Amino acid sequence: MSTAASGAERRPGLAETNAGRMSWLLVALGLLVLVLLASIAVGSKDIPLPTVIEALFAYNDSDDHAIIMALRLPRTVLGLLVGMALGLAGALIQALTRNPLADPGILGVNAGAAFAVSVGVGLFGISTIHQYIWFAFLGAIAATVLVYAIGSVGRGAATPIRLTLAGIAIGAVLGGITSGLALLAPETFDRMRFWNAGSLAVAGMDTVYVIAPFILFGIGLAAVVARPLNAVALGDDLAAALGANIARIRAVVIVAVTLLAGAATAAAGPIGFVGLMVPHVARWIVGPDQRWITAYTIVLAPILVLSADIIGRIVMRPGELQVGIVTAFIGAPVLILLARRRKVSGL
Amino acid sequence: MSDTPTTGIAFGRPTGIVRLFGERFSQRLDLRTLTICGVLLVLAVAVAVLTLASGEYQIPVDQVIGALFGQASAKLHMVVVEWRLPRTLLALIMGAALGVSGAIFQSLTRNPLGSPDVIGFNAGAYTGALVIITMTGGGFVAVAGGALAGGILTALAVYLLAWRGGVQGFRLIIVGIGVSAMLTSLNTWMLMRAQLEVAMAAATWGAGSLNGLGLDRLLQVSVILALLLPCALILSRPMHQLEMGDDAARALGVNAEGTRLGLTVVGVALTATVTAAAGPIMFVALSAPQIARRLSGSAGVALLPSACMGALLLAAADFLAQRAFAPTQLPVGIVTVCIGGLYFACLLMREARR
């Protein structure tokens, strides 16, 4: 059975020249800056853009400036980091497993994080966001290591298909135990249903400081492996013939995905769909070159996460809709439209 | 029926050929696959008998078998045949149905991650049930109806959204992912807004449970499945030809679009039947075809071994769900993911060591 679901032959993306790709990337960057500013400006108390810029460059102690520095800015930076991390993790794991259905959760990141948080809530009575972060991060890392260990037992390196299947198996077991824990204890269930929605709202600047190093390191790794991953896309044998060290590339990618997705999930809860969808959109725009996909994903993913967060703040004023919920609602229609518009490119 | 030994060409595996009605119907049967199916079925029945024997009121196995053949006291007969048998039989046939529907979708999408979930069925069914449970509180029939309506509407919407002069497998998957993601978000939101008790009841339904299913449910489910499973078997040969790609299949005389539609309808109907009766039981459809494929060493997913594996998985999971934390009854879906996942992981490791 082949891992790629597509019967469609590979074709270049919408932008066919490097100049075209670069100019679209600049447009996307401009959009990202706009979304970042909007994310600081919009909320239950709207702040005009000039004040936003003034607060960033010439801070005084007015109410507006305090709101921006204490609430909006950490939230926006977190959205930026989480978006980049989830999108990149998705792009990496899809390239590695050569499976367009793979998302960062496939390596057990989400299941491990949820499991650790539910164990923390159920058995150790943790309740604050700071405790959640560490439990979730450790859970995510442990689950990925376990998946990788099972996927690479025996002779030879871990093949994509075995990694995927091991991820499904471990993710299922952890997910089952998590819902068992939740259904047997109403208190745990109550906390988990809110954690599951995924939110940027509760974070402060300290959360950002905790996860930023991991995510930045992960981004660095992703940049390094982008070129070798192009070789991997040709299949293991061809890649080896081209001089790529498959085993080392896999290990680096796994570490990067774990750091990126683990840190993002720890800080914001399981925000689905970003890692699955943004790499597809990037691939449609730029074609199959992993270097361009990486660049586009880094810009497009935070646009999706931040605009989802902004919309979540607007639609239910004065209440809020969690970012994890809105993401799918604005992302899915775009994905479906794109899937209908052109012949989708498989991996 | 004549059973000829291995034919002239050696394919490396012993096969037998069945010919019925003169030469009208012939089928090549892989002997190892047949053996695996037999072993899985025997195991499934053994687990079922064990389930019948255990409970709050323990019954020795020989008396259970006696009761099944009508040679026991009225009281034993009531406990075994009237109380416990319907649920156990349901576990067996619903497991088989899930296994078959998983095999169909994994073959259609040519992807081991394929399952009825890709077309959004389970997410839609959960949404339908959640709406009924949170709005009205909902009895069994209302919830089952809501789930059916939600699931089928979602599957239909995904199919139509993916339609563009034909449904290409990959576009179907992408649209399915998008629609499922939206519905899953909606479900999370509804669970968050609901009262804690209502949310827990809904989540228990969402995990899939066989608790409280009786004879009437068994009759309905078995009639529907008796119609659907033969359809699946008839479609299995064009299904395997479709795995080679649309062009190759068309060259062999397969109506690609028609077969795909037929398979999708049968696969969704199988899942829908199970979901309406017991809620979305996760993971059987995903893991049974893959486990069966590894046991029988076949090239792709096949329907019959998947069905047997599904039956064994669900029967075993139901036994554990009833007995593991007795008297607390776990939803069977939680157990299916745990034992299915663990067994799957073990199988992967053992396969790798060879």
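The values are calculated or read from the model by the stated rules, or taken from the named source; none is laboratory data. Small disclaimer: the values here were computed from a predicted structure and weren't measured. No Cβ is skipped: glycine too gets one built from the backbone with ideal geometry, and neighbour counts run over all protein chains shown. In case anyone asks, the SASA skips ligands and DNA or RNA and just uses the protein heavy atoms, side chains included. Shrake-Rupley method; radii C 1.70, N 1.55, O 1.52, S 1.80 Å.
Before moving on, here are some points about what is shown:
- Integer Hz, Karplus 6.51/-1.76/1.60 couplings in order for region A:124-135, x for Gly and Pro: 10, x, 6, 8, 9, 4, 5, 5, 4, 3, 5, 4
- Across chain A, Cα pairs under 8 Å and at least six residues apart give a relative contact order of 31 percent.
- Shown in residue order for region A:25-39 are the 3J(HN,Hα) couplings computed by the Karplus curve 6.51 cos²θ - 1.76 cosθ + 1.60 at θ = phi - 60°: 5, 5, 4, 4, 4, x, 4, 4, 4, 4, 5, 4, 5, 4, 5 Hz (x for Gly and Pro).
- A versus B: buried accessible surface, summed, Å² (probe 1.4 Å, to nearest 100): 4900
- Shape of chain A, Cα gyration tensor, a/c cut at 1.5: oblate
- Take each residue of peptide A:326-333, count the partner chain Cβ atoms within 10 Å of its Cβ, and average: the result is 5.
- To the nearest 10, the accessible area of residue A:317 is 110 Å² with a 1.4 Å probe.
- Counts of other chain beta carbons within 10 angstrom of each beta carbon in peptide A:179-191 average 4.
- Distance (nanometres) between label positions extended 7 Å along Cα→Cβ at residue B:56 and residue A:62: 7.0
- Ordering A:150, A:116, A:57 by the projection of their Cα atoms onto the charge dipole of chain A, which places +1 on the Cβ of Lys and Arg and -1 on the Cβ of Asp and Glu, puts A:150 at the extreme positive end.
- Point-to-point label distance, residue A:69-residue B:76, nm (Cα→Cβ direction, 7 Å offset): 8.2
- Region B:30-353: C-alpha gyration tensor shape, a/c 1.5 cut-off, then a/b vs b/c: oblate
- Potential lengthening between residue A:209 and residue A:134 on full extension [0.36 nm per residue; Cα-Cα distance subtracted]: 25.7 nm
- Cα gyration tensor shape of region A:75-203, rounded if a/c is under 1.5, else prolate or oblate by comparing a/b with b/c: oblate
- Remark: region A:264-347 carries 29 Å² of accessible area per residue (probe radius 1.4 Å; ligands, DNA and RNA excluded).
- Ordering of A:39-46, B:235-242, B:193-200, A:264-271 by burial proxy (mean other Cβ atoms within 10 Å per residue, highest first): A:264-271, B:235-242, A:39-46, B:193-200
- Distant-in-sequence amide H partners of residue B:17 (H built 1.01 Å from N, under 5 Å): B:4, B:29
- Phi to ³J(HN,Hα) by Karplus 6.51 cos²θ - 1.76 cosθ + 1.60 over region A:237-253, Hz, x for Gly, Pro: 5, 4, 4, 4, 5, 7, x, 7, 8, 4, 4, 5, 4, 4, 4, 4, 4
- Full-extension gain in nm, residue B:298 to residue B:328, via 0.36 nm per residue minus C-alpha separation: 6.8 nm
- Take each residue of peptide B:189-197, count the partner chain Cβ atoms within 10 Å of its Cβ, and average: the result is 3.
- Were the residues from residue A:190 through residue A:124 laid out at 0.36 nm apart, the gain over their Cα-Cα distance would be 22.2 nm.
- Taking amide H atoms as placed 1.01 Å from N in the peptide plane, the amide H of residue B:330 lies under 5 Å from those of B:325, each 5 or more residues away in sequence or on another chain.
- Annotation: amide H of residue B:282 has no partner in the under-5 Å range at sequence separation 5 or more or interchain, hydrogens built in the peptide plane.
- Positive contributions from Lys and Arg (+1) and negative ones from Asp and Glu (-1), summed over other residues with Cβ under 14 Å from the Cβ of residue B:82, come out at +3.
- Environment charge at residue A:52 (Cβ cut-off 9 Å; Lys +1, Arg +1, Asp -1, Glu -1): -1
- Charge tally in the Cβ shell below 14 Å around residue A:186, where Lys, Arg are +1 and Asp, Glu are -1, residue A:186 excluded: -1
- Note on region B:30-353: dipole from Cβ charges, positive end direction compared against B:146, B:299, B:199; the farthest Cα belongs to B:299.
- Portion, in percent, of the accessible area of region B:30-353 that falls on carbon or sulfur, probe 1.4 Å: 70
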